[in-house]
Amino acid sequence: MQLICQGGSLEGVSVVCGSIHGMTSTGIGRGLDLFREGDFPIYTLTFVRDLPPAELLTRMGVDPETLALRDAGDLADDLGDDLFDDEEPVVTSGIDGSWTWAWEQGGMHGLDERILSRVSVGTEAVVLHYNEKPMHWLKYAVGGEIIVDFHTLQAIEPTGQDPARLDDVMRPLGLIPGQAAPLHSVLALVENAFDIRLSQPDDVDDERWSGRLLPLPD
């Protein structure tokens, strides 16, 4: 097991780093199978380690008047008309393992570097965006700094403070600079490098934090 970030503290807060696991499969049977098998034309997932859901949504810029615990019925009643809005996207949040996630079904606020920097202060964050171009876009941040940033619309060209940080786990998946990304390879990267997963609630009455994100400033 190889650490992917240096431990220590940032602004007095201890940072718990992720780890690279030896798995190289891009197939199903993994933590993000929902997004391999489901029909989601666009989504943005923000994962932050060890942060309460309400705090994550607050850092992302949720309208405080809309922030609440809701089950599926309440979400549809309160925010259903705006679920796929891109300027003020509805976002839901939950916890799987050591990661808290925020799911925008119509927006991409999580990709904004100002938001990503804010949510990763004192911890680490991974943002995964998909749209039907098709493309995946991944950003990894630690302590407010963007460490790795790349998308699959063109040949892989990572940027960021340390663009080679994930090379050891990217290359076995075919994510090689200058080459096109294999199918589902970015999903596998998120699973392999960070042990991230996202599961659907077992019961429609399960409550999760949700709200509407405020428009991004110019």
Screening Pro163, Pro134 for residues that are over 16 Å from the mean Cα position of the chain (by Cα) and under 14 Å from His184 (Cα atoms) leaves only Pro134
Between a residue in the range 151-168 that is over 18 Å from Tyr130 (Cβ atoms) and modelled with pLDDT of 95 or more and any residue that is acidic (Asp, Glu) and open to solvent by 70 Å² or more (accessible area, probe 1.4 Å), which pairs come within a Cβ distance under 8 Å, given they are 6 or more apart or on different chains? Gln161/Glu145
Which ones in the range 97-116 are buried (at least 20 other Cβ atoms within 10 Å of the Cβ) and among the small types (Gly, Ala, Ser)? Ala102, Gly107, Gly110
Index of the failed condition, Leu213 passing every other in (1) at pLDDT 95 or above; (2) of a type outside the set (Phe, Trp, Tyr); (3) over 15 Å from Tyr43 (Cα atoms): (3)
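Among the residues of the range 60-75, count how many are open to solvent by 50 Å² or more (accessible area, probe 1.4 Å) and assigned to a helix (DSSP H, G or I).
Qualifying residue count, the range 60-75: 2.
Residue-wise test of (1) buried (at least 24 other Cβ atoms within 10 Å of the Cβ); (2) in contact (Cβ under 8 Å) with a residue 24 or more places away in the chain; (3) within 19 Å of Leu32 (Cβ to Cβ).
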position: Leu79; (1), (2), (3): no, yes, no
position: Ile95; (1), (2), (3): no, yes, yes
position: Ala125; (1), (2), (3): yes, yes, yes
position: His129; (1), (2), (3): no, yes, yes
position: Glu132; (1), (2), (3): no, yes, yes
position: Trp137; (1), (2), (3): no, yes, yes
position: Ile176; (1), (2), (3): no, no, no
position: Ser185; (1), (2), (3): no, yes, yes
position: Val190; (1), (2), (3): yes, yes, yes
Since Met170 meets every condition but one in (1) in contact with a strand residue (DSSP E or B) (Cβ under 8 Å, 6 or more places away or on another chain); (2) open to solvent by less than 10 Å² (accessible area, probe 1.4 Å); (3) over 20 Å from Glu55 (Cβ atoms), which condition does it not meet? (1)
Does the range 192-211 contain at least one residue that is crowded, with 20+ Cβ neighbours inside 10 Å and farther than 27 Å from Leu56 by Cα? no
Among what's in the range 39-87 and is in contact with a Pro (Cβ under 9 Å, 6 or more places away or on another chain) and among the acidic types (Asp, Glu), pick the residue that is farthest from Trp137 (Cα to Cα). Asp71
What tally of residues in the range 94-122 results from selecting those that are assigned to a loop (DSSP other than H, G, I, E, B) and of a type outside the set (D, E, K, R)? 9
Condition set part of a strand (DSSP E or B) and not small (Gly, Ala, Ser), scope the range 82-93, selection most open to solvent (accessible area, probe 1.4 Å): answer is Thr92
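The values are calculated or read from the model by the stated rules, or taken from the named source; none is laboratory data. Quantities reported herein were computed from a predicted structural model and do not represent experimental measurements. So basically every Cβ, Gly included, is an ideal-geometry build from the backbone, and we count neighbours across all protein chains shown. Note: accessible area is taken over every heavy atom of the protein model, side chains too, but ligands, DNA and RNA are not part of it. Shrake-Rupley method; radii C 1.70, N 1.55, O 1.52, S 1.80 Å.
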